[in-house]
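A quick write-up on the structure given underneath.
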Amino acid sequence: MPSHPAFPPASLEAFAALYPGSPGKLAHSLVGHPLLTLDALADLAGKLPEDSVEYNPGKLPIGIAPEDVPKSKLGLVETIRTIDRAGSWVALKRIEQVPEYGALLRDVLAEVKDVVAPRTGKMLQLEGFVFITSPGGVTPFHFDPEHNILMQIRGSKVMTLFPVEDEELFAAPVHEAFHLGEHHRNLPWQDDFAAKGLPIDLVPGDALHVPVKRPHWVQNGPEPSISLSVTWRSEWTYAEADARAFNALLRKAGLHPKSPGAFPEQNRAKALAFRAIRRIKG
């Protein structure tokens, strides 16, 4: 465990009231951590494999297709070291591939295990992500398949979250295509969605519980930002994903399947059916 906890007792109590389905703010103590400075993160970027980094210009529309995102003109390490003026957005993915960051991730997530395990089961696929963003940068509208706690380390941002089960935002086939690898995490945006958003301000020392697949977009503040996401999967998230994928097969056969149920529904029948099909197909 770290020399001092990442989450004070009051934050663990707040997390227990939120998990797994409700977003909400927590507090953390990782501001100033030596592994989360710009210099340390520039070094980390150089150690990660190419498929574990993503960087592009930061001033993007809220909704943008992945193929329309322009390429950055700077190299990755230079982008991080000049993030105050680079006009960019950097994601360092699966940071646990570097041992000291893996230890940090495991230590932080061990603190919430006693809340998580009784509700959604064993914590699976522990992964960490660092986001480094220039002033004013935008992370487009998207969703993620993991349970997530986002920890603001430097700078400020506003994350605007949307209802996860609202099929007026995007229809069930979007979920299904995502889980078949046929749809990028970015989602199509319409301006009338804005009225359904819940904006949450984050400054250093703030953390945010982001439930699984809660659609969101992020507006960075006037200074460079560093955020750490600590994420995990659960058997429930895998079952929901496989049930969605099975629905896609039913839809391609001309049927109109019911969407999987939200937690705590387990969606086992469809999940098991899809897993059996996947095994048969090899």
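Numbers for the structure displayed
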item	result
Length-normalised contact order for the chain - Cα pairs under 8 Å, 6+ apart - percent	24
Gaussian network model of the chain, Cα within-10 Å springs - most flexible of I153, I200, I80	I200
Electrostatic dipole magnitude of the chain [Cβ: Lys, Arg +1; Asp, Glu -1; Cα centre; debye, to 20]	780
Rounded to 10°, Cα long-axis angle of helix 99-110 versus longest principal axis of the chain	60
Filter on K25/K213; K47/K281; K196/K281; K113/K196; K122/K213; K113/K281 - keep pairs with C-alpha separation over 29 Å	K47/K281; K196/K281; K113/K196; K113/K281
Relative contact order of region 238-281, defined on C-alpha pairs under 8 angstrom at six or more residues apart (%)	51
Mean separation of Cα contacts under 8 Å, 6 or more apart, over the residue count of region 181-282: relative contact order %	22
Degrees separating the helix 268-281 axis from the principal Cα axis of the chain, which is the longest one	90
Those GluC sites (Glu not before Pro) in region 153-197 that DSSP places in a loop and that have at most 15 other beta carbons within 10 Å	E165, E167, E168, E182
Low-density loop positions, trypsin sites (Lys or Arg not before Pro), region 230-277 - DSSP coil, at most 11 other Cβ in 10 Å	K258
Tilt relative to the chain, helix 9-18 - C-alpha long axis, 0 to 90 degrees, to 10	30
Region 119-171 and region 208-282: distance between their alpha carbon centers, rounded to Å	14
Nitroxide proxy distance, nm - points 7 Å out along Cα→Cβ at T82 and D192	4.4
Sorted largest first, extent of the chain alpha carbons per principal axis (Å)	53, 42, 41
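Every number here is computed from the coordinates shown, using simple stated rules; none is lab data. A quick note: this is a predicted structure, and the numbers were derived from the prediction, not measured. All Cβ positions, even for glycine, are placed from backbone atoms using ideal geometry, and neighbour counts span all protein chains on display.
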